[in-house]
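The values are calculated or read from the model by the stated rules, or taken from the named source; none is laboratory data. Keep in mind that this is a model prediction, so the values were computed, not measured. Here the Cβ positions follow ideal geometry from the backbone for every residue, glycine too, while neighbour counts run over all protein chains shown.
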Amino acid sequence: MDIFVGVVVGLIVLMILVVAHEFGHFIASRRNGVNVLEFGIGFPPRAIAWIKDPKTGKWRRFKRSEWTKSNITKTVGVDNNKSGVSADDKKIFQKGLVFSLNWIPIGGFCQMDGESAVDDRPGTFGKANFWKKTKILFAGVAMNWLVAFIVLTILAWTGMPTFLDGQFTVEADTRVEQTPVKVKNVHEGSPAEAAGFLEGDYILKVNGEEVWYGSEIIKINKEHAGEEVKYTVRRTTDCDKTPSHKICPVVGMAVDGKEPTYTYTEEKDLTATLNAADAEYLLGVSMESSESLSYSTWSAPIVGAGLTLQMTGETFKGLGELVWNLITGVGRQFSPDDSVRESGREAIETVGNSVTGPVGILGIIFPSFVSGGFSNIMFITALISISLACMNVLPIPALDGGRWVLIGIFKLRKKKLTKEIEEKIVARAFMVLLALIAIVTILDITRFFR
C-alpha cells in the first residue's frame, strides 16, 4: 500500500514540477514575442482542449473530431472542403493558442512556433534574438528554482525536516522540535513482545541514556547482545478502546450524543533480554525514523532562499563527484594492478548506487518519504525541483542548457546553425540520454527487487 501511495504521489509531484518548468517557457515566450502553438498538461492523446481565437481573445472548446482536423490543417494545410473545417476555424487552428489536458500524466509541454534556430518568420523562436532565446530557454530552470524556494519557505514556517549536515538556518529565529523513535511493529515471539512493547510506543531512553535516532538504539543493542536492557518508552492509551484500564479516567456524560474521547500518556520502563548477537534480530521491533523539525517566522523566506542555494550547490557537487568517479573508475580498469582495478570497480559501483531514475523515484524514494509525513514529501519535492533545474542547466544538447550552448557557439563563430545540423546534434544527444535512462532504470529495478 505504501508503494502504491508513493507511486501516485510521485506521479502527481513530477507532473506538477514538469508543468511548472514548461510554464516558465510559456510565460517567457509570450513576453518575448514568440507565439506558443500549444501548452499541454500531460501528453497526448488529448482529453480536453481549448483554442484561443487570436482576434477575439475568446476561448473555445473543440470536439475530438475537430482536434484531428486541426492537426491536419496546421501541419499540412488541407483544403477546407476536404478537411471539413471552415475558413474562420482554419485561421484559429493555424494561429490560435491551444490549451490541452491529456491522458498520459507524465509531465507537460510548451510547443513554440518555429522552434528551429533558423526559422526567420515573425513570432517564431528562431526569429528571436540571442538574449530573448536565452530568457526563454532558462525560464523553465528559473521556474523550478522558484518552486523550490516557495516550498522551502513554506516548510521553514510549518516545520522543516533536517536532511543535510550543516543545513542552512537563521539561528536567531529557529526553534527545533524533535520526535523520538517510534515503534512501528513488534515481532511475534520476540524479546520486545515479552517485555511488553506495543506498536506506537516512543523509545526515549536505553539503559538510562537518552536516544533520538534508531541507529543509536541499534548500536546500544549490539553492545548488549544477550543481556538485559532497560528501555524507557512513552505510551498513549486510547481510553475509549480500553475503558476498563486502571489509568483511564471515568468516562463522562455524552456530548451531542457522542461519548467524549479520552487518552492517557505515560512513561514506562520495559526490560528486555536481547537475543544473541548471531540471531535474526536482537530486540524484535521495526522502528520509524525520528524527525527533527525546525520552525522559523520572519526568517522563513531567508531560509527558503538560503536552503535553495545550499541544495543547488550540493546537487552540482554530487554531479561533479559522480562524473569524476565514473571517469576515474573506467580509467583504472586499464591498469595492470589488481588493487587499482578493484578500486575502479568500487568507484563505478558508487556511481550506480548514486544515480536513480523514474522507477527509483516513484517506487523507492517517494514511498519512503510518504511514510515520513507531509513535511518529508514537501522536502523531496523541493529537492527534485532543484535537481530538474540543475540538470537542465548542463550543456547537453537535448536539454535547455545544451541548446543555449549550441546556439551560442554558432553565434560566436558567426556561422548559420542549419536545421539539419541542429536536429542531428540534438537527436544524437537525446539517444544518449535515452540509453542512460534505460541503464539507470535497469539499476533501479534490480535495487527494487534486491
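The table that follows gives values for the structure above.
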{"item": "Lone unmet requirement of (1) part of a loop (DSSP other than H, G, I, E, B); (2) more than 23 Å from residue 373 (Cβ to Cβ); (3) of a type outside the set (Val, Ile, Thr); (4) in contact (Cβ under 8 Å) with a residue 60 or more places away in the chain for residue 168", "result": "(2)"}
{"item": "Hits in segment 4-55 - residues which are within 27 Å of the chain's Cα centre (by Cα), surrounded by fewer than 16 Cβ atoms within 10 Å (Cβ to Cβ) and assigned by TED's automatic domain parsing to the domain that holds residue 392", "result": "4, 5, 8, 12"}
{"item": "Check on residue 156, out of contact with any Cys (no Cβ under 7 Å at 6 or more places or on another chain), assigned to a helix (DSSP H, G or I) and within 30 Å of residue 390 (Cα to Cα)", "result": "yes"}
{"item": "Test: residue in segment 10-28 that is at pLDDT below 85, part of a helix (DSSP H, G or I) and not polar (S, T, N, Q)", "result": "yes"}
{"item": "Among (1) over 27 Å from residue 4 (Cα atoms); (2) assigned to a helix (DSSP H, G or I); (3) touching a helix residue (DSSP H, G or I) at 6+ places or on another chain (Cβ under 6 Å); (4) at pLDDT 70 or above, the one test that residue 351 misses", "result": "(4)"}
{"item": "Residues within segment 279-322 that are hydroxyl-bearing (Ser, Thr, Tyr), assigned to a strand (DSSP E or B) and closer than 16 Å to residue 158 by Cα, tallied", "result": "3"}
